[in-house]
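Peer 1: The structure that follows is given in the form of structure tokens.
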Amino acid sequence: MEEISADTRYSLSLTTPVTRDADAVFPGENWFLYWKTSSSLWKTKLEEFSKGDKILVPVNWSFHSDTGDNYDFAETKPETDLKKLFDIACELGKEITFLMPLTPVPFLANGGIPHLLARSIALNKEGMAYGIIDNEENINKLYSFYDPRVFQAYSKFCTKFGQYISKSGISSDVYGYVCGCLENDEYISYLDDYSKVFEQAFSRFLKARAQKDSTEFQGISSIEEEYIVKKEFSDTITSLYLESLSAGVGANWEGVLKFSFLGGSLEDLLNRMSANDLNSKYSKDISKSISRGVIPSSILLPHRKKKGVLGRQLSEMVESTFLNQKLSEDDVYETESVQFKTLNVFNLVRIDESSKIWNDLGLTDSLSTDFYSCFSYLDKKLFEWKEGRNVLEQYFFVQGGELIESDFKTILKIFMNGGKIILDNSGLEEGLVRRLESFFLENNLEVEKVNFLTEVTYAQLGEGKLIVFNGEKLLTRGINDRVNFWKKLISTFEIQHMSIETSENVEVFWRTRGSSINELNYEEVRRLSIYNPTSYKKKVKFKFAKNFALLKIIDEFNCELSTLPHEIQGELLPDGSFSIDFGVFS
Amino acid sequence: MDKLIAIYRFKNPANDLNYSKGSYYLLHVLTNEGAVKPDLLEKFCHDYDVENPAEEIGLGPFESVDDITKFCFYICDELRLPYVGLLSMDEFNSIIEESSKVSDLLEALHSDGNLIENISITQKKSFFQKVFDRK
């Protein structure tokens, strides 16, 4: 049968043609909101996704269960027929992935929970109600997930959903998704709640703990201890939701994805209500989210906001790079593919999201200047050695005070496999200090010591490098010294990279991929994308680094570039962007 | 209406050693142009000698709502705004709970709370007004 072009398809449609960008069912980044359109239009809508796109379908709990104790999966409303959706996707050769919420959802009324359960509004750290403006200027209130009735209903819904997908033969992956936003550069989950409901649940937790463990647990005696126990409690609740979901969906369970919703913070609410939100802020939030391992989502932003450079950023940085990367994290075939991935050289291991130690030590400032978009935070729970992992070009920054035995083994494994470890020994346990010393002796490693702003010890084993420094002492230095310390140290690594000179608020994004058959002269291909989300003209200039060959300049929008020998300079007009591919060789 | 909206919270002083300094904290300051930029707010705090303690949420402490009002008047003078609307955090939360659209929220923010006129701006006369008003 002859293929019908998108334009012809619209002309045959009985409904008013709506461009994909303005259609509520496509809120961006390959999300598909099935309840926003008639199920009879699903096929037409799904056809609009490009081949190879992984389509994200968030399951709308309150749409399938309006009271919390009745369920509709294709029984009453035809739009609840997820089997039909799955079959259409299979027929069209598209892959759909279901997302089940693990937290309140900011783009749904009542945070996605059935209306009868929406009783206790959740409060943020300041004690202010979570009110989030969606792309249609509705204010969605988020309700507490610490309400036992919400958990019971959620648990039952997960079981019903699991039974439905298993019975109807839906084989799509199911991910649990955590919703949150960036608040003061920190990722905050919407599960975080400081309401009375949380406090009540917490006091029940304390009582239960005291009864269970009356000898060891004597109650809370300090604010610090309260913080730790509250964190433990909220982790317990998170894991309860997670267990309910993973047990409910059984074999379809794939894992957890974290999303950061642009425009979803309190600061955004205050600015968005008077239409004073800036694209340059969202633009920065995309990079910050990626560096925190969180997928940015623009679902809360109206389409008009995403027309220009922000839309291109979302498409290039999120849709075609980071999202795919996250969805195929455990896919062994993906590691050697020629698809672009984010260029991540530096991994800053941290114990939790609120930890600002690398910032205090001046490392993030230093990396932001010379290696913008090339570093990311790594949750300490994920800091582990995986057999077969290539760590040759990877740098891991680790805090000694947070280390336990297994982390120490990970450090040694990475080092012995050619990775680079930069370890802050302040607070390092005495036993581990001795183990490190004996490791140097046993392996007959030549250890160099230098005193530059702090004590630094350097050891090398093949390609592997292990640098131990004292962070406590470094913290006593001024911020400029701290930043310079890292600049000096990192310059000794001789990393293949290019420094970019840009004006403020211009966003830089680096990607990398393996070379294809036609590019065998190069070991890898790096793509540099530069975006100007401001309404001012911005300058950009960079010299080609050694071992970087210019391949092509692509996707030029509103920019004037001039290519000189080994140098590119030019101007980015408002809303301008461009990308450049470089071949990198030894 | 040009107006400065300030949202404050009251911290329960029980067990707080800093109680003598007050228990009111200013959380957010808004104008028609959105939230007042942090660097500008920092400047106002510096000029008016208001603390921004790292361990606390909000600016302060202030001894009373009156003190917050005075600080807001100072900001109003600087930004040439004629009115101050003061909202406690609970009042703001009720507004959020009751608003389903942005327009509802804006309307409630302008009509609810404690509205105070900044006479130094509203009754300030221009040079020509002064000339023509002179009898």
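The values are calculated or read from the model by the stated rules, or taken from the named source; none is laboratory data. In this text, all values refer to a predicted model and were calculated from it rather than measured experimentally. So basically every Cβ, Gly included, is an ideal-geometry build from the backbone, and we count neighbours across all protein chains shown.
Peer 1: Give the residue that is nearest to the chain's Cα centre (by Cα), with candidates limited to residues of segment A:509-537 that are closer than 30 Å to A:LEU466 by Cβ and not aromatic (Phe, Trp, Tyr).
Peer 2: So, considering only residues that are closer than 30 Å to A:LEU466 by Cβ and not aromatic (Phe, Trp, Tyr), the one nearest to the chain's Cα centre (by Cα) is A:ARG511.
Table: residues versus (1) within 11 Å of another protein chain (Cβ to nearest Cβ); (2) assigned to a helix (DSSP H, G or I).
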site	(1), (2)
A:LEU99	no, no
A:PRO104	no, no
A:LEU116	no, yes
A:GLY127	yes, no
A:ILE132	yes, no
A:ALA153	no, yes
A:PHE157	no, yes
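Peer 1: Separate question: I'm trying to understand the selection: among the residues of segment B:70-84, which are surrounded by fewer than 22 Cβ atoms within 10 Å (Cβ to Cβ) and more than 20 Å from B:LYS11 (Cα to Cα)?
Peer 2: B:PHE73, B:TYR74, B:ASP77, B:GLU78, B:LEU79, B:ARG80, B:LEU81, B:PRO82, B:TYR83 - these are the residues of segment B:70-84 that are surrounded by fewer than 22 Cβ atoms within 10 Å (Cβ to Cβ) and more than 20 Å from B:LYS11 (Cα to Cα).
Peer 1: Taking A:ALA129, is it of a type outside the set (Ser, Thr, Tyr) and over 27 Å from the mean Cα position of the chain (by Cα)? Steps first, please.
Peer 2: Working: of a type outside the set (Ser, Thr, Tyr): yes; over 27 Å from the mean Cα position of the chain (by Cα): no.
In short, no.
Peer 1: Same structure again: Of the conditions (1) part of a loop (DSSP other than H, G, I, E, B); (2) farther than 26 Å from A:ASP285 by Cβ; (3) among the aromatic types (Phe, Trp, Tyr), A:PHE582 clears all except one; give me its number.
Peer 2: (1)
Peer 1: Given the structure, is A:LYS77 modelled with pLDDT of 95 or more, farther than 28 Å from A:THR321 by Cβ and charged (D, E, K, R)?
Peer 2: In short, no.
Peer 1: Could you grab me the full set of residues in segment A:349-389 that are under 25 Å from A:GLN313 (Cα atoms) and surrounded by fewer than 18 Cβ atoms within 10 Å (Cβ to Cβ)?
Peer 2: Listed by number, the residues that qualify are A:GLU353, A:ASP365, A:SER368, A:THR369, A:ASP370, A:SER376.
Peer 1: A follow-up question, please. Within the bounds of segment A:321-344, is there any residue that is modelled with pLDDT under 95, surrounded by 19 or more Cβ atoms within 10 Å (Cβ to Cβ), among the small types (Gly, Ala, Ser) and over 14 Å from the mean Cα position of the chain (by Cα)?
Peer 2: no
Peer 1: So, in segment B:53-91, exactly how many residues are of a type outside the set (A, V, I, L, M), in contact with a Ser or Thr (Cβ under 7 Å, 6 or more places away or on another chain) and closer than 19 Å to B:PRO38 by Cα?
Peer 2: Number of matching residues: 2.
Peer 1: Tell me yes or no: at least one residue of segment A:397-418 is part of a strand (DSSP E or B), buried (at least 17 other Cβ atoms within 10 Å of the Cβ) and hydrophobic (A, V, I, L, M, F, W, C).
Peer 2: Among the residues of segment A:397-418, at least one is part of a strand (DSSP E or B), buried (at least 17 other Cβ atoms within 10 Å of the Cβ) and hydrophobic (A, V, I, L, M, F, W, C), which makes the answer yes.
Peer 1: Given the conditions (1) of a type outside the set (Gly, Ala, Ser); (2) crowded, with 19+ Cβ neighbours inside 10 Å; (3) at pLDDT below 95, report the number of the one that A:LEU102 does not fulfil.
Peer 2: Exception for A:LEU102: condition (3).
Peer 1: Okay, next question. Just wondering, is there one or more residues in segment A:358-375 that are in contact with a Lys or Arg (Cβ under 9 Å, 6 or more places away or on another chain), among the hydrophobic types (A, V, I, L, M, F, W, C) and assigned to a loop (DSSP other than H, G, I, E, B)?
Peer 2: Checked against the condition, which is being in contact with a Lys or Arg (Cβ under 9 Å, 6 or more places away or on another chain), among the hydrophobic types (A, V, I, L, M, F, W, C) and assigned to a loop (DSSP other than H, G, I, E, B), segment A:358-375 yields at least one hit.
Peer 1: Now for a different question. Within segment A:164-199, track down each residue that is in a helix (DSSP H, G or I) and in contact (Cβ under 8 Å) with a residue 12 or more places away in the chain.
Peer 2: A:TYR164, A:ILE165, A:SER166, A:LYS196, A:VAL197, A:PHE198
Peer 1: Checking A:ILE88 against (1) free of Cβ contacts under 8 Å to residues at least 60 places away in the same chain; (2) β-branched (Val, Ile, Thr); (3) part of a loop (DSSP other than H, G, I, E, B): exactly one of these is not met. Which one?
Peer 2: (3)
Here's the yes/no breakdown for (1) without any contact (Cβ under 8 Å) to a residue 12 or more places away in the chain; (2) more than 14 Å from every other protein chain (Cβ to nearest Cβ); (3) under 20 Å from A:GLU126 (Cα atoms):
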position	(1), (2), (3)
A:ASP213	yes, yes, no
A:GLN218	yes, yes, no
A:SER221	yes, no, no
A:THR236	no, yes, no
A:ALA247	no, yes, no
A:ASN271	yes, no, yes
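Peer 1: Kindly evaluate A:SER144 against the criterion of being in contact (Cβ under 8 Å) with a residue 40 or more places away in the chain, surrounded by 13 or more Cβ atoms within 10 Å (Cβ to Cβ), closer than 30 Å to A:GLU75 by Cβ and within 14 Å of chain B (Cβ to nearest Cβ).
Peer 2: yes
Peer 1: Give segment A:272-318 a look and list any residue that's outside any helix (DSSP H, G or I), within 19 Å of the chain's Cα centre (by Cα) and under 13 Å from A:GLY28 (Cβ atoms), or say none.
Peer 2: Result: A:ILE295, A:PRO296, A:SER297, A:SER298, A:ILE299, A:LEU300, A:LEU301.
Peer 1: Looking at A:ASP268, A:ASP213, which one is out of contact with any strand residue (DSSP E or B) (no Cβ under 6 Å at 6 or more places or on another chain) and under 27 Å from A:PHE322 (Cβ atoms)?
Peer 2: On the way: A:ASP213 fails: under 27 Å from A:PHE322 (Cβ atoms).
Testing whether each residue is out of contact with any strand residue (DSSP E or B) (no Cβ under 6 Å at 6 or more places or on another chain) and under 27 Å from A:PHE322 (Cβ atoms) leaves just A:ASP268.
Peer 1: So which residues in segment A:224-246 are surrounded by fewer than 18 Cβ atoms within 10 Å (Cβ to Cβ) and among the small types (Gly, Ala, Ser)?
Peer 2: A:SER239
Peer 1: If you don't mind, there's one more thing I want to ask. Mind checking which residues of segment A:35-77 are closer than 20 Å to A:LEU117 by Cα and either aliphatic (A, V, I, L, M) or without any contact (Cβ under 8 Å) to a residue 60 or more places away in the chain (or both)?
Peer 2: A:VAL59, A:ASN60, A:SER62, A:PHE63, A:ASP66, A:THR67, A:ASN70, A:ASP72
Peer 1: Right, something else. Residue check: is A:LEU392 in contact (Cβ under 8 Å) with a residue 60 or more places away in the chain and in a helix (DSSP H, G or I)?
Peer 2: So A:LEU392 fails the test.
Peer 1: Go over the candidates A:SER65, A:SER40 one by one and state the one that is farther than 24 Å from A:VAL178 by Cβ and out of contact with any His (no Cβ under 9 Å at 6 or more places or on another chain). Steps first, answer last, please.
Peer 2: On the way: A:SER65 fails: farther than 24 Å from A:VAL178 by Cβ.
Selected residue: A:SER40, the only one of A:SER65, A:SER40 that is farther than 24 Å from A:VAL178 by Cβ and out of contact with any His (no Cβ under 9 Å at 6 or more places or on another chain).
Peer 1: Going residue by residue through segment A:29-38, is there one that turns out to be modelled with pLDDT under 85 and either within 17 Å of A:ILE88 (Cα to Cα) or surrounded by 16 or more Cβ atoms within 10 Å (Cβ to Cβ) (or both)?
Peer 2: So far as segment A:29-38 goes, no, none of its residues is modelled with pLDDT under 85 and either within 17 Å of A:ILE88 (Cα to Cα) or surrounded by 16 or more Cβ atoms within 10 Å (Cβ to Cβ) (or both).
Peer 1: Another question, if that's okay. Is there any pair linking a residue in segment B:89-100 that is facing another protein chain (nearest Cβ under 7 Å) and farther than 19 Å from A:ALA118 by Cβ to one that is surrounded by 20 or more Cβ atoms within 10 Å (Cβ to Cβ) and among the hydroxyl-bearing types (Ser, Thr, Tyr), with Cβ under 9 Å and at least six apart or on different chains, and which?
Peer 2: What qualifies is B:MET89/B:TYR8.
Peer 1: Kindly list the number of the only condition in (1) more than 14 Å from every other protein chain (Cβ to nearest Cβ); (2) at pLDDT 95 or above that fails for A:SER291.
Peer 2: With (1) more than 14 Å from every other protein chain (Cβ to nearest Cβ); (2) at pLDDT 95 or above applied to A:SER291, the lone miss is (2).
Peer 1: Identify the residue in segment B:14-31 that is modelled with pLDDT under 85 and within 13 Å of chain A (Cβ to nearest Cβ) and, among all such residues, is farthest from A:LYS125 (Cα to Cα).
Peer 2: Going through the qualifying residues, I end up with B:LEU17.
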